[in-house]
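Asker: Okay, handing you the structure first.
The values are calculated or read from the model by the stated rules, or taken from the named source; none is laboratory data. Because the structure is a prediction, the values reported are computed rather than measured. Ideal geometry is used to build each Cβ from the backbone, glycine not excepted, and the neighbour counts take in all protein chains shown. Areas reflect the complete protein model, heavy atoms only, side chains present, ligands, DNA and RNA absent. Shrake-Rupley method; radii C 1.70, N 1.55, O 1.52, S 1.80 Å.
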Amino acid sequence: MWLRKLCRSTTQAHSRCTPNLVRINEAVIKQSIDSFLKFGLSDKPHEGIVYWAGKRDPKGVIVIRCLTPNAKTAWGSFQTSAQANAEIIKILCKEHLELIGQVHTHPGKFVGHSDGDDQLALMPYEGFLSIVVPQYARGGMLPLTKCGVHVFENGYFRRLGSVEIKKTFHVI
């Protein structure tokens with residue numbers, strides 16, 4: 001709870017709602033899928049989680065880095081520890097990057113946010129992205145319209161529609 005309050009107070013000065021444009025480096029997509037498949041193709045498949053990092057510019061944001069935190073994962077859930085998240089924050093600081101969002105998998109076709117997804121988001125701030133990839137990413141994650149793309153706005157995660165996803169997100 002204290003982390004959410006801290007994050008809200010420190011990010012409000014530079015917070016923005018849904019970026020006009022989110023450019024995602026193709027290598028980040030590949031790294032994300034590779035990470036997910038390590039979890040999802042095992043004998044006992046389970047969810048995977050990565051964080052996307054990048055930078056803001058006048059056009060919006062560009063996602064240039066995929067970070068895989070240490071996480072406790074299960075068939076239908078994941079949880080990261082304070083220590084694992086601190087390691088991610090150290091990397092972000094060292095590389096002068098911003099946490100753009102989190103991407104995780106679900107076991108089936110459901111790509112909505114669960115209560116756990118809402119409560120366990122690392123640092124939700126206005127414009128923070130949360131992408132849910134179906135079926136442990138076995139079918140990839142492109143086009144992004146097959147995923148649940150959510151943005152944190154006004155204190156809640158809102159799921160974007162296909163038209164908004166196509167307009168906003170570009171793989172480069």
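Asker: Any idea which residue in region 125-172 is nearest to ILE33 (Cα to Cα), counting only those that are part of a helix (DSSP H, G or I) and among the polar types (S, T, N, Q)?
Answerer: Looking at the filtered set, the residue picked out is GLN135.
Asker: Could I ask something else about it? Considering only region 125-145, how many residues are closer than 24 Å to LYS44 by Cα and either open to solvent by 10 Å² or more (accessible area, probe 1.4 Å) or out of contact with any Phe, Trp or Tyr (no Cβ under 7 Å at 6 or more places or on another chain) (or both)?
Answerer: Number satisfying all stated conditions: 8.
Asker: Here's something else I'd like to know. Determine, yes or no, whether GLY108 is outside any helix (DSSP H, G or I) and at positive phi.
Answerer: Judged against the criteria, GLY108 is not a match.
Asker: Six or more apart or on different chains, Cβ atoms under 8 Å: show the pairs whose first residue is in region 55-66 and of a type in the set (D, E, K, R) and whose second is open to solvent by less than 20 Å² (accessible area, probe 1.4 Å) and assigned to a strand (DSSP E or B).
Answerer: LYS55/VAL61; ARG65/TRP52; ARG65/ALA53; ARG65/GLY54
Asker: For LEU122, are the conditions met, namely being open to solvent by 60 Å² or more (accessible area, probe 1.4 Å) and in a loop (DSSP other than H, G, I, E, B)?
Answerer: Against the criterion (open to solvent by 60 Å² or more (accessible area, probe 1.4 Å) and in a loop (DSSP other than H, G, I, E, B)), LEU122 does not qualify.
Asker: For THR18, which of the numbered conditions (1) at pLDDT 80 or above; (2) in contact with a Leu (Cβ under 8 Å, 6 or more places away or on another chain) fails to hold?
Answerer: Unmet for THR18, out of (1) at pLDDT 80 or above; (2) in contact with a Leu (Cβ under 8 Å, 6 or more places away or on another chain): (1).
Asker: Out of everything in region 81-108 that is open to solvent by less than 30 Å² (accessible area, probe 1.4 Å) and polar (S, T, N, Q), what residue ends up being nearest to ARG56 (Cα to Cα)?
Answerer: The extreme case among them is GLN102.
Asker: Could you tell me which of the residues SER114, SER162 is of a type in the set (S, T, N, Q), open to solvent by 10 Å² or more (accessible area, probe 1.4 Å) and in contact with a His (Cβ under 9 Å, 6 or more places away or on another chain)?
Answerer: From the options SER114, SER162, the qualifying one is SER114.
Asker: Same structure again: Confirm whether GLY101 is touching a helix residue (DSSP H, G or I) at 6+ places or on another chain (Cβ under 9 Å) and of a type outside the set (Val, Ile, Thr).
Answerer: No, not satisfied.
Asker: Suppose we keep only residues that are surrounded by fewer than 20 Cβ atoms within 10 Å (Cβ to Cβ) and of a type in the set (Ser, Thr, Tyr) within region 21-66. Which one would you say is modelled with the highest pLDDT?
Answerer: So, considering only residues that are surrounded by fewer than 20 Cβ atoms within 10 Å (Cβ to Cβ) and of a type in the set (Ser, Thr, Tyr), the one modelled with the highest pLDDT is SER35.
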